[in-house]
Amino acid sequence: MYHDFNYEATLASSLRAQWQLDDVLREDQELDFSRNFLPDSLARTASISGLNAFEQKTLNQIAAHEYLVMFGVVEEFILPFLLDHARPHLLDDDWRVRALLNFASEEAKHIHLFKRFHAAFVRGFPVECQMIGPSEAIGAEILRHDPLAVGLFILMIEWMTQQHYVGSIKDDGDLDPLFKSLLRNHWIEESQHAKLDTLIVDALAEGRSDDDIDKAIDAVFEIATFLDGGLKAQAEFNLQALERAINQTVLNRDEIVAQQHQAARWTYIGSGLVHERFKATLANISPKAAARIAEAAPIFA
């Protein structure tokens with residue numbers, strides 16, 4: 001069976017799993033900057049031979065700041081996407097409308113949570129970490145594409161966050177406990193969002209011709225290419241932040257930027273493209289679409 005998700009059951013699961021913002025990160029809580037924040041499978045800083053252990057940890061924390069700010073950017077464009085999808089169904093399926101509006105409410109809460117994290121990071125980190133943006137421009141560029149392409153890209157991200165927590169973060173005892181708890185709670189709610197986004201993609205793909213689906217996959221690649229360009233710029237920003245934090249220029253700058261760019265490619269794109277649930281949705285929509293994505297996935301490994 002492809003899946004057995006439905007709006008009523010997923011809404012019920014979501015309501016049971018909900019948490020309050022202050023239970024995850026109070027405004028006065030502080031991060032432990034003596035620890036790594038991200039597992040090395042995502043940050044890939046421990047393998048940079050040109051950096052000492054302190055510098056590797058510092059770059060890990062910069063990458064973690066990027067991680068949550070980037071997810072905040074993503075959730076900012078998920079909100080209007082959800083509301084646009086829900087609007088035509090306001091008088092149809094009550095469970096569908098309630099599930100989608102709850103989905104939007106939780107994404108708004110996640111944006112609030114990530115802003116609290118950013119404030120805590122700024123309080124504890126010695127320098128400013130520049131981010132690509134503005135977020136409104138990133139969101140506008142992504143949302144201008146076919147809604148099916150946007151839905152597929154969001155679905156990829158939803159499943160990706162599941163894999164990051166379960167596969168890398170959950171059992172890593174070296175991470176800051178507060179940051180790890182934040183990611184755990186994000187995962188709890190996103191696990192329900194992935195189900196709802198699967199239903200959204202199914203609805204958007206229904207009745208589409210093969211040519212329409214091909215064009216939507218083209219748009220998915222356009223979105224990925226756009227994001228990849230931003231990730232390259234972000235890798236340079238991150239290294240600049242590291243150099244300001246340690247007050248010196250690092251050796252082999254170009255190599256480190258290229259390595260960190262590839263790490264980010266895997267984190268934000270590659271790990272989602274190869275997720276079994278995402279591949280199942282593609283195969284259900286179109287075997288050709290699944291094959292095209294599978295062929296492109298190694299670029300982002």
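When the Gaussian network model of the chain links Cα atoms closer than 10 Å, the mean-square fluctuations of 234, 130, 162 top out at 130. Near residue 90, once Lys and Arg are set to +1 and Asp and Glu to -1 for all other residues with Cβ below 13 Å from its Cβ, the sum equals -1. Counting only whole DSSP H helices of the chain, the ones at least 30 Å long by C-alpha along their axis and with mean Kyte-Doolittle hydropathy no lower than 0.5 are 53-86.
Expressed as a whole percent, the accessible area of the chain that falls on carbon and sulfur atoms is 52 (1.4 Å probe). Other residues whose C-beta falls under 13 angstrom from the C-beta of residue 225 contribute a net charge of -2, scoring Lys and Arg +1 and Asp and Glu -1. Normalised by the number of residues in the chain, the mean separation of alpha-carbon contacts (under 8 Å, six or more apart) gives a relative contact order of 27 percent. Taking segment 232-268 and a reference point 7 angstrom along Cα→Cβ of residue 127, the backbone N atoms nearer than 11 Å belong to 237-250.
Quick check for you: with a 1.4 Å probe and neighbouring chains kept, what is the accessible area per residue of segment 1-157, in Å²? Averaged over the residues of segment 1-157, the accessible area is 45 Å². Just to confirm a number: summing +1 for Lys and Arg and -1 for Asp and Glu over residues other than residue 286 whose beta-carbon lies under 15 angstrom from that of residue 286, what do you get? So the surrounding residues net to -4. Can you pick out the pairs among 195/288; 170/232; 170/288; 109/170 whose Cα atoms lie more than 30 Å from each other? Pairs exceeding the cut-off: 170/288. The charge dipole of segment 177-222, taken about its Cα centre with unit charges on the Cβ atoms of Lys, Arg (+1), Asp and Glu (-1) only, comes to about 540 debye. The average projected area of segment 1-46, computed from the convex hull of its Cα atoms over all directions, is 6.5 nm².
Think of it as helices only: each DSSP H run of n ≥ 4 in the chain is worth -39500 (n - 2.57), and spread over all residues that comes to -23500 deg cm²/dmol at 222 nm. Of the listed residues 1, 131, 156, the order by accessible area with a 1.4 Å probe, largest first, is 1, 131, 156.
Sort out for me the Cα centre separation of segment 1-65 from segment 204-252, rounded to whole Å. Their Cα centres are 19 Å away from one another.
Each Cα pair of the chain feeds into the Kirkwood radius, which the Stokes-Einstein equation turns, at 25 °C and 0.890 mPa s, into a diffusion coefficient of 123 µm²/s. The value obtained for segment 150-301, namely the Cα convex hull volume divided by the number of residues, is 114 Å³ per residue.
The values are calculated or read from the model by the stated rules, or taken from the named source; none is laboratory data. Keep in mind that this is a model prediction, so the values were computed, not measured. Cβ: placed from backbone, ideal geometry, glycine included. Neighbour counts: every protein chain shown. The accessibility values were calculated without ligands, DNA or RNA, using every heavy atom of the protein model including side chains. Shrake-Rupley method; radii C 1.70, N 1.55, O 1.52, S 1.80 Å.
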